[in-house]
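The values are calculated or read from the model by the stated rules, or taken from the named source; none is laboratory data. Model, not experiment: these values are computed from the prediction. Here the Cβ positions follow ideal geometry from the backbone for every residue, glycine too, while neighbour counts run over all protein chains shown. When the accessible area is computed, the model is the full protein with side chains, heavy atoms only, and any ligands, DNA or RNA have been set aside. Shrake-Rupley method; radii C 1.70, N 1.55, O 1.52, S 1.80 Å.
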Amino acid sequence: MSNLVEITSPEHFKQVLSEDLNRVSVLDFWASWAKPCEKMNEAVKEMSHKYSEVLFLMVSPAAGEGPRFD
């Protein structure tokens, strides 16, 4: 498994985390409608190459969803 994983659902998130409980994990919460996230995603991808022992999880809302404030 790559150390950079795009999370596709809450169940996928739980599965990936439970498979490797002893590894340091970095969670990147992002949204396609938030422009600063594009730069942060690039930085996270670069860090995943530099720190192969760390698990990087890219978490975004479902496709088509805008910001949620509930």
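Numbers for the structure displayed
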item	result
Exposure of Glu11 as accessible area (Å², to 10), given a probe of 1.4 Å and all protein chains	130 Å²
The chain: C-alpha gyration tensor shape, a/c 1.5 cut-off, then a/b vs b/c	oblate
Distant-in-sequence amide H partners of Trp30 (H built 1.01 Å from N, under 5 Å)	Val59, Ser60
Residue-averaged [θ]222 nm for the chain, counting only DSSP H segments that reach four residues, each worth -39500 (n - 2.57)	-12000 deg cm²/dmol
Dipole magnitude of the chain, debye to nearest 20 (Cβ charges: Lys/Arg +1, Asp/Glu -1, about Cα centre)	140 debye
Vicinal HN-Hα couplings computed from phi for the range 19-28 (Karplus, 6.51 cos²θ - 1.76 cosθ + 1.60; Hz; Gly/Pro x)	6, 9, 6, 9, 9, 5, 10, 10, 9, 10
Solvent exposure, largest accessible area first (probe 1.4 Å, DNA, RNA and ligands not counted), of Phe13, Phe29	Phe29, Phe13
